[in-house]
1. For Cα extents along the principal axes in Å, the choices are [x] 41, 24, 23; [y] 40, 17, 9; [z] 76, 13, 7; which was calculated from the structure?
2. Taking Cα atoms, how many degrees apart are the long axis of helix 31-52 and the longest axis of the chain, rounded to 10 and kept between 0 and 90?
3. To the nearest 500 deg cm²/dmol, what mean residue ellipticity at 222 nm is calculated for the chain from DSSP H runs of n ≥ 4 alone, each contributing -39,500 (n - 2.57), summed and divided by the residues?
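No lab work stands behind these numbers, since they all come straight from the coordinates. For clarity, every value in this text was computed on a predicted model and none was experimentally measured.
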Amino acid sequence: MDFQKNRGMIILIIALILAIILTFYVGIVNPIILGLGILAIIVILINIYVEKFRK
């Protein structure tokens, strides 16, 4: 796996994992952050889709 070629995808996957963990860890206490976290997860998924099929 070429790291330079897939660096963007690796960063997006790490961001997705962190967004999921933080959304449900903090979202239990604060519903507003839960909504923003779900929105962030959707945006990251769209970015992964675009990155994967951009070629």
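1. Label of the calculated value: [y].
2. Roughly 10 degrees between the two axes.
3. Details: 2 runs with 46 residues, N = 55.
The helix contribution divided over the chain gives -29500 deg cm²/dmol.
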